[in-house]
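For reference, the structure is listed below as structure tokens.
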Amino acid sequence: MKLTLRIWRQKNPRERGAFVTFPLADVSEHMSFLEMLDVLNESLIDKGQEPVAFDHDCREGICGACSLMINGYPHGPLPATTTCQLHMRHFKDGDVITVEPWRARAFPVLKDCVTDRSALDRIMQAGGFVSVRTGGTPDANALPIRKKEADLSMDAAACIGCGACVAACKNASAMLFVAAKVGQFAHLPQGQAERKERVRRMTGQMDKEGFGNCTNTYDCEGACPKQINRRFIAEMNRDFICAELTE
Amino acid sequence: MNLDAKIPSGPIQEKWDKHRFEMKLVNPANKRKFDVIVVGTGLAGASAAASLAELGYNVEAFCFNDSARRAHSIAAQGGINAAKNYPNDGDSIERLFYDTVKGGDFRAREANVYRLAQVSSAIIDQCVAQGVPFAREYGGLLDNRSFGGAQVSRTFYARGQTGQQLLLGAYGALMRQVGLGTVKMHVRTEMLDVVVVDGRARGIVVRDLTTGEIRSHAADAVVLATGGYANVFYLSTNAKACNVTAGERAYKRGAAFANPCFTPIHPTCIPRSGDYQSKLTLMSESLRNDGRGWVPKIRGDRRSPAQIPESERDYYLERKYPSYGNLAPRDISSRAAKEACDDGRGVGPGGYGVYLDFADAIGRLGQNVIAERYGNLFEMYERITGENPYQVPMRIYPAPHYAMGGLWVDYNLMSTIEGLHVLGEANFSDHGANRLGASALMQGLADGYFIIPYTIGHYFASNKLGKVKTDHAEFKRVEAEVRERIKRLTTANGKRTPDSFHRELGKIVWEKCGMARNEKGLKEALQQIPALREEFWKNLKLTGHSDDYNAVLEHAGRVADFLEFAELLCLDALMRTESCGGHFREESQMADGEAKRDDAGFSHATVWEYAGADKAPLLNKEPLTFETVKLAVRSYK
Ligand SMILES: Cc1cc2nc3c(=O)[nH]c(=O)nc-3n(C[C@H](O)[C@H](O)[C@H](O)COP(=O)(O)OP(=O)(O)OC[C@H]3O[C@@H](n4cnc5c(N)ncnc54)[C@H](O)[C@@H]3O)c2cc1C
Ligand code: FES
């Protein structure tokens with residue numbers, strides 16, 4: 001099929017970017033979206049032009065590196081699918097496809113469609129862990145955990161840290177990302193000792209990074225390639241209020 | 001080259017305890033005086049960096065990804081082994097040790113493997129304490145599953161995302177230390193060389209991938225945890241950015257490279273669909289429990305599978321290996337698929353695929369049972385291929401996915417460069433010629449959490465290391481070399497993209513040094529690779545600048561190193577005229593197609609020493625002595 005791609009080009013964080021249009025012919029429906037961009041990029045290099053920069057690595061939907069806004073949807077229109085797992089059979093001949101980076105104050109554009117998401121790492125540094133040292137831990141089976149709770153913890157832990165939730169939110173809020181980590185530990189006995197400090201520290205850092213506030217529109221849940229449930233946001237809010245009231 | 005593995009004396013069960021007692025310690029107050037560089041933040045690197053910082057060392061950690069959490073370890077699906085014996089089915093340290101040595105086709109160092117089995121239990125304890133949400137039973141205790149090459153259930157898992165959950169645990173520990181200021185984390189930073197001063201590794205030269213800046217970092221010891229090199233085949237199950245640069249650069253500075261030809265092939269991956277294919281996706285091998293492999297009997301048969309009657313189908317595994325059928329060992333089933341396709345009977349676009357058909361199983365057990373067993377895999381398959389495997393047979397093909405070979409290390413995980421330590425998939429140590437499923441995650445975390453924190457202290461305490469700073473002449477010299485190399489890449493002014501060279505190299509290595517190898521093919525590859533390398537440096541085309549974000553330049557640098565490493569890989573495969581584990585020499589097979597080992601000739605690790613540009617590398621051997629395990633023919637019959 002033949003496509004028209006409108007892609008965001010931006011030289012660096014300081015200069016202004018703009019959409020540039022590229023026609024692309026001979027796109028196979030079996031290609032993944034990123035393979036389609038690979039083909040475009042190879043042709044650009046052949047012509048002596050700089051290829052379009054985008055983040056990617058595993059191409060299996062697990063590392064969270066890929067991060068393209070496709071036709072206004074983070075990771076494209078397919079539910080529960082990362083950009084790297086989106087295939088061209090979901091587009092048709094003659095389509096015009098708009099590709100741009102995540103848009104959020106906390107994610108400055110580095111080049112073209114590559115953004116700096118280190119704000120998410122800094123939120124994790126503030127409390128996204130259980131403070132245990134290596135060694136001296138009790139036997140793994142010394143601590144039985146109700147299967148239902150362990151499963152809920154795993155549901156939350158499935159977050160790949162891609163930032164689609166932020167990109168989808170009109171306020172560029174990172175609530176779903178933070179709630180996923182807080183929720184993973186809130187459902188485990190190992191997470192209880194630091195439960196209050198964790199939620200306060202992580203949300204505090206989230207605010208410092210310039211993410212917006214949550215107004216409960218839940219576009220984040222819709223955009224999440226791992227379908228992290230919004231219940232974790234509600235649970236985190238409760239934890240936060242408890243922590244504020246009791247500390 | 002003096003290869004002293006420094007294996008402690010005494011009975012194998014006591015070696016590690018004895019060694020831990022005999023190793024020297026660094027006084028707690030003195031630890032902060034030592035700087036450690038850790039390159040890589042996968043399971044091995046993240047666990048090492050966090051554990052070393054907890055002890056009090058000053059750590060600087062590096063990765064080329066935009067976050068430490070995105071290392072390739074994140075993609076591991078199946079699980080992690082440990083000799084916990086929770087299911088009460090007869091597991092023990094001895095058994096895990098034995099299974100690993102046997103699985104590795106008797107080409108690993110006994111003492112290292114024993115230690116790995118010994119520390120395996122503590123890894124699970126550690127991960128649970130960190131809040132890793134492993135699968136549990138209704139009683140609240142941990143669940144186990146079985147994996148290939150073992151008769152016990154010793155694999156712990158977190159849905160199909162075990163690697164992700166373990167890595168997030170280690171990443172959490174690392175982030176905690178970054179927050180405490182004990183680790184300085186450099187993301188989007190690629191190590192391009194090791195700096196050796198007076199025979200000791202004293203730092204690295206890196207390129208900042210966002211700004212293009214070339215910088216040096218000095219330390220008292222360097223730890224490489226930079227992963228495996230399966231992307232030398234271009235198409236593999238590895239993440240796109242996995243590469244051999246760190247290993248190859250260290251090799252050129254004096255770190256010997258061991259067993260490069262030990263590269264296993266995974267039988268069940270989704271085949272390529274066209275020339276644009278960028279990577280391959282692994283499907284769990286468990287599918288072979290219910291899927292039947294077949295190809296058409298007639299060459300070039302292009303009919304849809306439903307139109308091919310039973311009588312015209314060749315269930316090639318059931319035919320060739322009646323007792324094992326579709327569950328024949330990994331390497332045998334991989335080669336059988338290749339043979340059928342080479343014979344012109346492959347299916348799907350390009351003809352490199354075989355069917356894995358679930359029609360019988362669905363008929364026998366019902367779609368629900370199959371969906372329960374493999375639902376998520378079927379979904380993944382459909383997402384990628386657009387075909388519904390409940391209705392049409394899956395198409396699969398083998399693919400490279402791991403590297404057992406790596407930089408040679410002694411019992412302390414130190415390479416042949418003093419002070420340069422190597423962990424995880426990047427070293428050669430524990431899996432011999434073949435790795436059992438769920439053992440890579442175990443090894444990476446064992447190295448990082450429980451071995452390097454002890455052995456690095458011993459290195460510091462037993463050597464007088466004066467401080468070296470980055471203004472030392474040697475740093476300046478290496479920096480200049482790195483700049484020169486980048487300049488050569490950017491000024492080649494040719495016509496071909498780095499990707500086109502990488503693809504061509506991958507094709508050579510896959511065809512001549514892939515699933516089955518022979519003398520003629522390897523000799524051809526050893527002609528073709530240097531020729532391609534020469535063309536690369538003359539005919540490479542790059543865009544953009546070196547002082548900017550430039551993904552093409554990054555890739556070109558990695559391809560340049562693959563082009564050199566590939567030659568070593570083929571040379572090693574040529575020297576090893578026996579078949580063992582993942583290395584299959586067509587000249588050395590049993591009547592039934594099983595690999596034929598040559599214990600008299602090859603009971604050693606091949607350890608390659610760089611001898612200079614345009615010189616043949618020197619071959620050293622580390623003899624493998626088996627005191628505990630009796631050498632036997634690896635048989636799964
Ligand atoms: C699809 C797949 C499934 C798997 N499933 C399993 C499984 O179920 N069980 C199992 O046990 N094993 C499995 N494995 C194998 C296992 O995942 C890997 O062997 C293991 O995770 C490697 O960990 P590592 O820490 O050594 O390296 P990696 O996780 O590869 O990390 C390498 C790190 O080094 C960094 N790096 C590399 N070079 C440089 C450089 N030059 N400069 C700066 N940084 C650098 C990278 O940024 C990265 O952080 C699987 C592998 C694949 C491909
Ligand atoms: S590239 Fe890893 S999730 Fe898409």
message: Can you tell me which of (1) farther than 27 Å from B:Leu553 by Cα; (2) free of Cβ contacts under 8 Å to residues at least 24 places away in the same chain; (3) surrounded by fewer than 16 Cβ atoms within 10 Å (Cβ to Cβ) is the one B:Glu484 doesn't meet?
response: (1)
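Take the stretch B:608-619 and flag every residue that is within 19 Å of B:Cys513 (Cβ to Cβ) and open to solvent by less than 50 Å² (accessible area, probe 1.4 Å).
Across the stretch B:608-619, the qualifying residues are B:Trp608, B:Pro617.
Take the conditions under 23 Å from B:Ala150 (Cα atoms), part of a helix (DSSP H, G or I) and among the small types (Gly, Ala, Ser) and apply them to B:Ser323. Does it pass?
no
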task: Residues being in contact with an Asp or Glu (Cβ under 9 Å, 6 or more places away or on another chain) and not in a loop (DSSP other than H, G, I, E, B): count how many of those fall in the stretch B:129-159.
output: 2
- prompt: Out of the stretch B:37-92, which residues are of a type in the set (Phe, Trp, Tyr) and away from chain A (no Cβ under 11 Å)?
  reply: B:Tyr57, B:Phe62
message: Among the residues of the stretch A:94-107, are any under 26 Å from A:Asp38 (Cβ atoms), open to solvent by 10 Å² or more (accessible area, probe 1.4 Å) and within 10 Å of another protein chain (Cβ to nearest Cβ)?
response: no
Pick from the stretch B:401-425, criterion open to solvent by 10 Å² or more (accessible area, probe 1.4 Å) and not in a loop (DSSP other than H, G, I, E, B), ranking: nearest to ligand 2 (Cβ to nearest atom): B:Glu425
query: Among the residues of the stretch B:18-34, is any open to solvent by less than 50 Å² (accessible area, probe 1.4 Å), at pLDDT 95 or above, away from ligand 2 (no atom under 16 Å from the Cβ) and touching a Ser or Thr at 6+ places or on another chain (Cβ under 6 Å)?
result: no
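Being in contact (Cβ under 8 Å) with a residue 24 or more places away in the chain and open to solvent by less than 10 Å² (accessible area, probe 1.4 Å): is that true of B:Ile93 here?
No; evaluated as a whole, the condition is false for this residue.
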- line: Of the listed residues (A:Arg238, A:Arg230, A:Arg198), the one being charged (D, E, K, R) and within 14 Å of chain B (Cβ to nearest Cβ) is A:Arg198
- line: Every listed condition ((1) closer than 28 Å to B:Ala241 by Cα; (2) among the charged types (D, E, K, R); (3) open to solvent by 40 Å² or more (accessible area, probe 1.4 Å)) holds for B:Asp343 save (1)
- request: With respect to A:Trp8, determine if the residue is within 13 Å of chain B (Cβ to nearest Cβ), of a type in the set (Phe, Trp, Tyr) and either assigned to a loop (DSSP other than H, G, I, E, B) or out of contact with any helix residue (DSSP H, G or I) (no Cβ under 8 Å at 6 or more places or on another chain) (or both).
  value: no
- prompt: Is there any pair with a first residue in the stretch A:133-160 that is under 16 Å from B:Gly139 (Cα atoms) and at the interface with chain B (Cβ under 7 Å from one of its Cβ atoms) and a second that is of a type in the set (Ser, Thr, Tyr) and more than 16 Å from ligand 2 (Cβ to nearest atom) whose Cβ atoms are under 7 Å apart and which are 6 or more apart or on different chains, and what are they?
  reply: A:Asn141/B:Tyr86; A:Lys147/B:Tyr138
statement: Filtering the stretch B:312-336 down to residues that are at pLDDT 90 or above and under 22 Å from B:Gln391 (Cβ atoms) yields B:Glu312, B:Arg313, B:Asp314, B:Tyr315
Test: B:Phe134 is within 11 Å of another protein chain (Cβ to nearest Cβ), crowded, with 20+ Cβ neighbours inside 10 Å and without any contact (Cβ under 8 Å) to a residue 60 or more places away in the chain: yes
field: helices (runs of 4 or more DSSP H) wholly inside the stretch A:120-224 that include at least 1 residues being open to solvent by 50 Å² or more (accessible area, probe 1.4 Å) and closer than 21 Å to A:Ser67 by Cβ
entry: A:219-223
message: Conditions first: (1) in a helix (DSSP H, G or I); (2) open to solvent by less than 10 Å² (accessible area, probe 1.4 Å). B:Ala108 passes all but one, so which condition is the exception?
response: (1)
query: Being modelled with pLDDT under 95 and touching a Ser or Thr at 6+ places or on another chain (Cβ under 9 Å), is that true of even one residue in the stretch B:610-625?
result: yes
task: Out of the residues in the stretch B:241-274 that are facing chain A (nearest Cβ under 9 Å) and farther than 15 Å from B:Thr226 by Cβ, state the one that is farthest from ligand 1 (Cβ to nearest atom).
output: B:Gly274
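Taking the stated definitions as given, is A:Thr81 among the polar types (S, T, N, Q), within 16 Å of ligand 2 (Cβ to nearest atom), surrounded by fewer than 24 Cβ atoms within 10 Å (Cβ to Cβ) and within 29 Å of B:Glu382 (Cα to Cα)?
yes
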- line: Matching residues in the stretch A:57-74 (at the interface with chain B (Cβ under 7 Å from one of its Cβ atoms), more than 12 Å from the chain's Cα centre (by Cα) and on the phi > 0 side of the Ramachandran plot) number 1
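A quick yes/no check of all residues on (1) open to solvent by less than 20 Å² (accessible area, probe 1.4 Å); (2) polar (S, T, N, Q):
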site	(1), (2)
B:Arg253	no, no
B:Pro260	yes, no
B:Ile270	yes, no
B:Ser284	no, yes
B:Trp294	yes, no
message: Quick test of your reading of the structure: A:Lys47 fulfils all but one of (1) without any contact (Cβ under 8 Å) to a residue 12 or more places away in the chain; (2) more than 16 Å from ligand 2 (Cβ to nearest atom); (3) within 7 Å of chain B (Cβ to nearest Cβ). Name the failing condition by number.
response: (3)
- request: Take the residues in the stretch B:214-239 that are under 23 Å from B:Ile529 (Cβ atoms) and more than 11 Å from ligand 1 (Cβ to nearest atom), then tell me which one is surrounded by the most Cβ atoms within 10 Å (Cβ to Cβ).
  value: B:Val232
query: Counting only residues that are hydrophobic (A, V, I, L, M, F, W, C) and within 12 Å of B:Glu554 (Cα to Cα), which one in the stretch B:185-205 is farthest from ligand 1 (Cβ to nearest atom)?
result: B:Leu192
query: Looking at (1) in contact with a strand residue (DSSP E or B) (Cβ under 7 Å, 6 or more places away or on another chain); (2) under 28 Å from B:His401 (Cα atoms), which is the one condition that is false for B:Glu60?
result: (2)
- request: Sort out which residues of the stretch B:45-75 are away from ligand 2 (no atom under 16 Å from the Cβ) and surrounded by fewer than 24 Cβ atoms within 10 Å (Cβ to Cβ), and write them in order of number.
  value: B:Glu54, B:Leu55, B:Gly56, B:Asn58, B:Glu60
message: Condition check: among the aliphatic types (A, V, I, L, M), within 14 Å of ligand 2 (Cβ to nearest atom) and at negative phi. Does A:Leu86 satisfy that?
response: yes
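The values are calculated or read from the model by the stated rules, or taken from the named source; none is laboratory data. If you're wondering where the values come from, they're calculated on a predicted model, not measured in any experiment. Counting neighbours? That spans all protein chains shown, and the Cβs are built from the backbone with ideal geometry, glycine included. Protein only, heavy atoms only, side chains kept; ligands, DNA and RNA dropped before computing areas. Shrake-Rupley method; radii C 1.70, N 1.55, O 1.52, S 1.80 Å.
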